[in-house]
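What follows is a short report on a single structure.
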Amino acid sequence: MSVPLRASFAIVILLAAVPLAAIAEAEDSKARIKAAAGVLLGGPNQNTTQAMIVNALTDLLDVTVTLTRRSPYASDIKARIDVAKDLLRKTSLFNDKARQYLSFAHRMMTGGKKYERPKELEEFVTMEEAQQKAQKYAAALVDGALLALERGDESGAALRLLELVLAVVTPVSGEPAASNANPR
């Protein structure tokens, strides 16, 4: 085989490997998302610890960083997410500073749009209903992230994952409607 032919053959093999690497990375991201979702959406379970929940959230944040690597703000997004992950690990799931850093990352990913919890998550009659609504919302975000990955929309998947983490670490601010009713 001549040198130019060998070089051409090597280039073809390298070019073929690039899509395979991207496919493998997308499959890894999907597996990580599904594993984290299993912890977060599995419902109340006495075997689920806070450490497991924090690990699932930080894994979703790691996937978010990977998926935003092509963003012009990639290093800033990563820096803010890294600070938030550290705070979540060392303090509480509901750490205000962690949520603030995640909100900064959200703004960078959305052109400045502020994260807001969907209003329907704040309207509930019982705490059980609030939990059901939150789980349904979270499942929709997971499904949306997986579909976005299928379409090759990494930034869309990353945004949904970050919104999922923000939804989990943002305390419920509403009150059950039953406690607001006038007794007769």
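Here, each number is a calculation from the coordinates, and none is a lab measurement. Model, not experiment: these values are computed from the prediction. Methodologically, a virtual Cβ is constructed for each residue, glycine included, from the backbone with ideal geometry; neighbour enumeration extends over all protein chains shown.
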Report task. Provide the packing ranking of 111-120, 80-89, 48-57, i.e. peptides ordered by the mean count of other C-beta atoms within 10 Å per residue, highest first. Result -> 80-89, 48-57, 111-120
Query - Cut-off 9 Å between beta-carbons: net charge of the residues surrounding Met108, Lys and Arg +1, Asp and Glu -1 - result: +1
Query raised in the report: Around Asp59, with a cut-off of 13 angstrom between Cβ atoms, what is the net charge of the other residues, counting Lys and Arg +1 and Asp and Glu -1?
Result: +3
Requested in this report: Can you spot the lysines whose alpha carbon is less than 29 Å from Lys119's alpha carbon? Ignore those fewer than 8 places along the same chain.
Outcome: Lys30, Lys34, Lys78, Lys85, Lys97, Lys133, Lys136
Requested in this report: Take the alpha carbon atoms of the stretch 41-60, find their center, do the same for the stretch 110-150, and report the distance between the two centers in whole angstrom.
Outcome: 17
Report task. Report the local net charge at Ala148: Lys and Arg +1, Asp and Glu -1, summed over other residues whose C-beta lies under 13 Å from its C-beta. Result -> -2
